Structures are given as C-alpha cells and as structure tokens.
Amino acid sequence: MVERLMLFDLPSDDALYDALIARSPAYEGLAYVCVKTTGIFCRLTCPARKPKRENTLFYDTVATCMQSGFRPCQRCRPLEEAGREPLVDELLNALDGDPAARWTEDDLIGRGYDPSTVRRAFKRTLGMTFLDIARYRRLGEAAKQLANGARVIDAQIEAGYESGSGFRAAFRRLIGKAPVMSQNRDLLVADWFETPLGPMVAVADKTHLHLLEFHDRKALPAELEKLQRKTRSSVASGRTPAIEQIDAELKAYFGGRSTAFRTPLALGFGTAFERRVWSKLMEIPIGETRAYGDIARGMENPQMVRAVGRANGANQMAIVIPCHRLIGADGSLTGYGGGLWRKQWLLQHEEKMKPKRLFVEEIQ
C-alpha cells in the first residue's frame, strides 16, 4: 500500500468528500476521512452517518490519522485489510482485546513473533509499527479514563509522544497546508514543543503569539485556516523570539516554578466581547476557579452566560488565557477543547502551586 500511495496523487478534499457521500470504493486504501466532532477516522465507504464537510479532514495513510489524534472506527474498521499478512490481523485482534496494554518487543517474542518481522509487516501494510499503534491506542484509553475522573495521568504521559517523533509527520502536514503568502505580509511561524500533557503547537509573528493549542484539539486545523485568512498570511515552520519566550514560560509553568506568562498576545482574532471575557479569565487567581455565571455577573450582564461559554470556547491561547479555570455552576468540570482529562490535570497542578505564590515569581 505504501508504494501505491507514493505513485498516486489524491484529488482535492472536496472531491474526496463527494466520494465519502457516495461511499465510492475508488479510494479504498488510498484515503481516509477524519471526523473532528467524534475523533474517529473511517474508510470513505463507511456506512455510518456522514459528517458535515466542515467537520472532515482527509489523510492518505492510517499512520497520519492516528498520529493526528484520531482513533479507528469500530464500524468500518479501517485497520483491517483483505488479504493481509495473518500476523498483522492476529496482533490487531490481540490489541483490540486489551487496548490499554503496554506492549514491548519482549511481549512479541513471548507470543512467538520476531519483532523485526512484525515491524516490517506493519510498516508495509499500515505505514507504522505495531508498537506505535499500541501506543496511540493506550493514549486514547488513558484520555477516556482521565475524562471519567481517574488518576491515571502517569499512564497518559507514558503512553504519549515521549520523544515527539510520532508527532512530526502530522505537524508537517498541518503546517504544509498553508496557502501561498500574499505580498507585503509578514510570515507567521509555527513550532511545537513537548509538555507533560502532549505536544503543543504555537504560532507567532516576530513579537506576538497568535495561537497556542494542544496538538490534538479537533478545532486546530480550522483555527489555523481562520488565522491565515484573518492575517492574510501563510504559516511556515520555524521559531521567533515570541515562540522562544512562550516555550520558556511553559517549561517554568509545567515545572512548578512559575505561572507568569508575559509573552505578548495577538488577540485581534476575537470580537470585543470575547476579548472582555478573556480578560476576565486572566484575572482568575492561580489555584481558583469560577463559574460561567460568575464571569457574566462580573461583566454586569448575568444573562450572558451562554455567550460567555461561546467566548470561552473561542479562546485559542490554551493555558495562557486560562479557560480551564471555568467550571459548571454545580462545581463539575465542563467542556474543554483540549479534553477534560487535561483540564483536571491543570487544575490539580495549579492547586499544588497555589501555596507557593508562584504567580508573582519572575521568569529567570
């Protein structure tokens, strides 16, 4: 399949969406649809209800889908392929039986497999190794457990992008979709860096940060497209002083040394109301939370709770504009674009830092 892909140019995403609606088998094994609202990726022939065009992404390999944070559909089973080598199906079935298991080469040997043979077979048929697939499945299982309130953050980190190598292809593809830069416009630059909660993507010009998001936020591709339209610029891979600064500040934050964020923010993408809400969020002290109604009342408009929620969701400066500090009126965790498990971790992390009064500490 890998060799076929190298010789085959996929049509436009609009053409692929038409093939999805028609359940056309023309691109079987050559293209997959990722559904941003569900986090699932499917074959184009999947019989499931079809998503809206704006909620779809199309990739040419299973590997890219999984590296971008999507998990395989249980209905059309895109990891299965007719006529495939038996050991691939055997190991995928074993993985389905216990998706949270931590597989090693010793486990493969214990089952009578040669690790190098397994590696080559999976790379030939799926474009990634079995151990990589197992790691992405563990990551998904850990995220679901954390969303349900379990204390399994160590398992999530262990299952995540430890070295960052698994994320590079998805990042290059994401940034590589940028349109040609218009004349007389500054180029925006994007880079990514590791955190205990998985990679984060930062986009900035020379002086200001325009976007900071977790790599698997479903809205990230749409946010990048919107940012490019708004600024009439392109996004290229690289670093600027603004990205260097936010990287250092996040290291201090996750290391428990500081919660001071002083990187200049470009907030022109928001409406005047949204910017007012974000300003209120940044006033919430470290280690504390507020309800949506609290923010609305603080803006002297208690009827605007829903609007506050929408403004909170429109924030594309994760952590720096602390939308994770907003909770439900009953004290429950509510929606968070980066995932409820991350929200829970961030609140627990900040609660530990609260007694140290680190929010006034200078970045050294």
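Read-outs: derived from the displayed coordinates by stated rules, not from any lab. Nothing here was measured: the structure is a model prediction, and the numbers come from that model. Glycine gets a Cβ as well: all are built from the backbone with ideal geometry, and neighbour counts include every protein chain shown.
Summary of values
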item: Efficiency of FRET between Asn301 and Asp107 - r from beta-carbon atoms, R0 51 angstrom, step 0.05; result: 0.30
item: Derived scalar couplings ³J(HN,Hα) [segment 116-130; Karplus, 6.51 cos²θ - 1.76 cosθ + 1.60; whole Hz; x for Gly, Pro]; result: 5, 5, 4, 4, 5, 5, 6, 5, 5, 9, 10, x, 8, 7, 4
item: Amide H within-cut-off set for Leu265, under 5 Å, with H built and near neighbours excluded; result: Leu209
item: DSSP beta bridge pairing in segment 165-360, given as percent antiparallel to the nearest 5; result: 60
item: Per-residue HN-Hα couplings for segment 225-232 [Karplus 6.51, -1.76, 1.60; θ = phi - 60°; Hz; x = Gly/Pro]; result: 5, 5, 4, 5, 5, 5, 8, 6
item: Exceeding the 24 Å Cα-Cα cut-off - candidates Lys36/Lys343; Lys123/Lys343; Lys36/Lys354; Lys251/Lys354; Lys218/Lys352; Lys206/Lys226; result: Lys123/Lys343; Lys36/Lys354; Lys218/Lys352
item: Separation between Cα centres of segment 309-339 and segment 37-67, rounded to whole Å; result: 26
item: Dimensions (Å) - segment 165-360, Cα atoms, principal axes, largest first; result: 48, 36, 28
item: His208 paired with Asp14, simple spin-label distance in nm, labels 7 Å along Cα-to-beta-carbon; result: 3.2
